[in-house]
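Here's the structure we're looking at; comments come further down.
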Amino acid sequence: MVLSPAYSTVSDAALLLRSRGYAVLDAQGVCELAGCELSELVALNASWDDLPPDAYLKDGGRYRRRRHSCFVGESGELVQAAHRAHWQPVEYNALHGGMQRWFEPMRAEVVAAPAWSRLLLALGRLATAVKGGQRWYVEAHQFRIDTTDGIGRPTPEGAHRDGVDLVAVFLLAREGIKGGETRVFEADGPAGQRFTLSEPWSVLLLDDERVVHETTPIQPTGPGGHRDTLVLTYRAGGFQGD
């Protein structure tokens, strides 16, 4: 049985992040938040067909492709940072923490799209509404999890936090798969929720200090099965590893 998320309104998103640590917006809500048309966001999807393999998977899998770029947002301005490695401490990622992981950068035409900067700046405003005014250090991850090996693991590290302030997990596509259930738990308590993101450009928003999250493995139901996501993380004070 596939459980759909309970979507919130844009106006309630900050309140829900403060009160329970997460919120889910449907695609219409994302467009309202970012001030763009859905067609502008969908136009970015083709770049997910051009993601290089992730060469750092410690489980030996071949199921993950990705690109990674970094940005700094402040006072309504977004600037792309110099290309850098993705780094997390082992306290937040026991499987891949402590590694300097150099992924190929996002394609220039994606970063230059007006909808891209509007989306990142809008989430920065939301982060400010929850955490207070900051210069936000943003890491953007394009992921494709496929079923090349019969199973794909969106979060091979298990339930985790990312060591940031705000996390946004956008579901872009689910093709020929089953599984991929999202699970969100209190970081310091027993309460949790589970549901499956399925609407293209819907998003799970997380207060990373308050909750842990994971996504269950996917299995194929047809040829070429895959799950595409965009993960944006917002952190005050600098990028991890600085």
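The values are calculated or read from the model by the stated rules, or taken from the named source; none is laboratory data. Everything numeric here is computed off the predicted structure, so don't read it as measured data. Don't worry about glycine lacking a Cβ; one is built from the backbone with ideal geometry, like all the others, and counts go over all protein chains shown. Accessible surface is based on the protein model in full, side chains and every heavy atom, while ligands, DNA and RNA are left aside. Shrake-Rupley method; radii C 1.70, N 1.55, O 1.52, S 1.80 Å.
For Val42, Val130, give the ranking by accessible area with the largest first, probe 1.4 Å.
Val42, Val130
How large is the accessible surface of Ser75 in square angstrom, using a 1.4 angstrom probe and rounding to the nearest 10?
Counting only protein heavy atoms, Ser75 exposes about 110 Å² to solvent.
With the contact rule set at Cα under 8 Å and sequence spacing of 6 or more, what percent relative contact order holds for the chain?
This gives 27 percent for the chain.
So how exposed is Arg161, as accessible area in Å² (1.4 Å probe, rounded to 10)?
Answer for Arg161: close to 70 Å² accessible.
From the backbone phi of segment 132-145, what are the Karplus-calculated ³J(HN,Hα) couplings (6.51 cos²θ - 1.76 cosθ + 1.60, θ = phi - 60°) in whole Hz, Gly and Pro given as x?
x, x, 8, 7, 9, 9, 10, 10, 10, 10, 8, 10, 10, 9
Could you state the principal axis extents of the C-alpha atoms in segment 170-219, from the largest down, to the nearest angstrom?
Dimensions of segment 170-219 along the principal axes of its Cα atoms: 36, 21, 12 Å.
Of the chain, which part is the longest with no GluC sites (Glu not before Pro) in a loop (DSSP not H, G, I, E, B) and with at most 11 other C-beta atoms within 10 angstrom?
That gives 92-242 as the longest site-free run.
Starting from 0 in steps of 10 Å, tell me what percent of the Cα-Cα pairs of the chain lands in each bin.
Answer for the chain: a P(r) of 8, 34, 41, 17, 1 percent.
Using only the alpha-carbon atoms of segment 97-227 as identical scatterers, what base-10 log of I(q)/I(0) does the Debye formula give at q = 0.21 Å⁻¹?
Computed log10 I(q)/I(0) values: -1.46.
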